[in-house]
Amino acid sequence: MKMLIAGEERDSSNGEVIYVTNPATQQVIDSVPKSTFEDIQEALDHAVDAKKAWRNVPVYERSNILMNYAELLREHKTEISTMVCYESGKTLQSCLDELDSCINVFRAYAEKARNFSGKVMPRDSEKRVVGDVIFNYPEPLGVVVSIVPYNYPIELFAHKVAPALVMGNTVVVKPATETPLGNIMMTKLLVEAGVHPGAIQIITGRGSEIGNWFSESPKIDLISVTGSTAVGIQVAQQAANNLTHVLLELGGNDPLIIFDDADIPTAVGQSIVGRASNAGQTCCGTKRFIVHNKIKAEFEKQLIAELKEFVVGDPLDPKTFYGPLVSERAAKNVEQQINETLEEGGRLIFGGKRFNHAFIEPTVITDVKPEMAIAKDLEIFGPVFPIIGFDTVEEAIEIANSSCYGLSSGVMTASMEIAMKVANEIESGTCVIGGTGNYRSAHMPFGGPKMTGIGREGVTETLSEYSQIKNVVLKGFGH
């Protein structure tokens, strides 16, 4: 496939390409251009030129265009989902579900924008403003770069592109190197739906090679990144030279605290959903299982019994729970992290192996101590269940808060008093009572404190992130 620059399908200016591989089969399925500095500058110039034209489209028309786009997505649902299944290794059903979520996100932002307005300020008692009328309204920021990750390329495309476009910004999409094909298809449909060709473009290439060209550019007004904390810090540092706005949704090592009065089968089910969905490649997926010592052994027994029934394999097979990781490189990294955890003193009681290049067995590691890396800041992006025992509420909260991250969390207990104590004291952007923290709705302001990032993504908050306030004063009006 080709890039889309100002509505034209384009190769890179030097003709170089990147091959896209199916991680389940290791077969090359397509190639995309390996963009150059000149390609990126051209796309940014078109985005700058299109700012006035796109912002002058009335908000109700921009909203209607996104509604039309949602219908186009539905018409191409199978085609896009199948492509993402091939390039990412996600199960086909999860890709279909993700596209449904994407459609809902575009619709929700389109609806919200119709009622996203400014305010009239109250008159002060000070003499200089008596008789003045002060009001404000939101304006677009300008040029937005949306850096989309590989783990949820359909839904997170929506959370970045929909609010940017509906607020009148122009957008350049940078998809993940591993999963660009579905995003290219989605971008083309936006132009078909009626978005100005200069207002939505997509550039392909390796982030490690072209990321600096984006984050250092004075032509960009906002960069939205979902990715690792290391990448987010680098982007923020470079963007600071131009005071470019950044939205950063970064790492997480999210805890699930399971108390001794919790229903163990329910806790096991929530743990599996929270950790093994998408082969464990989820930002807010549960990555630390903090289990009361009274039920720890029984929890492990029932967890392993359930995991033994899992089908890990062909993403196109309806019986498959999860497929490969996004690449062999990613799987090797998880394999190394498992081995490092065992070297630190963790005890492997199930799984632990990489197979068929990019597949990882569901893995359970017990005897994890609070001082170990996996119990604090080591985020494993794979289907690994580290189990940490505790005895008191305070101990559980202390373990949960020992991480540098704070994206999401969960607590399972029959006591609402304990649940609310955990929810109030845990350092995370979300706390799910009664289940895994692997939870996100289109409307909630998704994000968290500490090294998890800056800003929030969600319909209730994000339109503000993609706009700026213009104050207008009518001096002496009506005095």
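Observations
- In the chain, the longest principal axis of the Cα atoms and the axis of helix 37-55 are about 60 degrees apart.
- When only the Cβ of Lys, Arg, Asp and Glu is charged (+1, +1, -1, -1), the dipole of region 70-194 relative to its Cα centre reaches about 460 debye.
- Simple Cβ-charge dipole of the chain, Lys/Arg +1 and Asp/Glu -1, about Cα centre, in debye nearest 20: 1120
- P(r) tail fraction, region 338-460 - alpha-carbon pairs more than 23 Å apart, %: 40
- If you look at the Cα atoms of the chain, you get an Rg and a Dmax of 23.6, 79 Å.
- The magnitude of the dipole of region 281-364, with charges of +1 and -1 set on the Cβ of Lys/Arg and Asp/Glu and taken from the Cα centre, is near 200 debye.
- Qualifying GluC sites (Glu not before Pro) in region 75-164, DSSP loop, other Cβ atoms within 10 Å at most 10: Glu126
- Sparse-neighbour loop sites [GluC sites (Glu not before Pro); region 430-472; at most 16 other C-beta within 10 Å; DSSP]: Glu461
- Here, region 296-360 has an Rg and a Dmax of 13.4, 38 Å when only alpha carbons are counted.
- Convex hull volume per residue in cubic angstrom - Cα atoms of region 169-251: 93
- Around Val28: net Lys/Arg minus Asp/Glu count, Cβ-Cβ under 14 Å: -4
- For region 181-186, backbone phi angles converted through the Karplus equation (6.51, -1.76, 1.60; θ = phi - 60°) give residue-by-residue couplings of 5, x, 5, 5, 4, 5 Hz, Gly and Pro being listed as x.
- Lys/Arg +1, Asp/Glu -1 at C-beta; the chain dipole; positive extreme among Ala164, Thr91, Asn333: Ala164
- Principal-axis tilt of helix 328-344 within the chain, Cα atoms, nearest 10 degrees: 50
- Contact order normalised by residue count of the chain, Cα under 8 Å, 6+ apart, percent: 18
- Of all DSSP beta bridges confined to the chain, the antiparallel ones make up roughly 45%.
- Distance violations [Cα-Cα > 31 Å] among Lys188/Lys219; Lys332/Lys369; Lys90/Lys294; Lys51/Lys112: Lys90/Lys294
- Other residues within the sphere of radius under 12 Å centred on the Cβ of Thr413, judged by their own Cβ, net out at -3 (K and R +1, D and E -1).
- Between the C-alpha center of region 351-379 and that of region 397-445 there is a gap of 22 Å.
- Calculated [θ] (222 nm, deg cm²/dmol) that DSSP helices of n ≥ 4 give over the chain, each run adding -39,500 (n - 2.57): -12000 deg cm²/dmol
- Amide H contacts for Val17 (H built 1.01 Å from N in the peptide plane; partners 5 or more residues away or on another chain; cut-off under 5 Å): Lys34.
- Extension gain for Gln27-Met121 works out to 27.8 nm (0.36 nm per residue, less the C-alpha to C-alpha distance).
- Most simply put, region 306-450 has about 45% antiparallel DSSP beta bridges, counting only bridges with both residues inside it.
- Region 66-165 - Kirkwood radius from inverse mean 1/r over Cα pairs (Å): 16.2
- Radius 11 Å from Cβ of Gly251, net charge of other residues (Lys, Arg +1; Asp, Glu -1): -2
- The label-point distance for Ile233 and Glu344, in a model that sets each label 7 Å from Cα toward Cβ, rounds to 1.7 nm.
- Each part reduced to its alpha carbon centroid, region 82-105 and region 165-223 end up 20 Å apart.
A short reminder: the numbers here are calculations on the coordinates, not readings from a lab. Here the structure is a predicted model, which means the values were calculated and not measured. Every residue, glycine among them, receives a Cβ derived from its backbone with ideal geometry; neighbour counts consider all protein chains shown.
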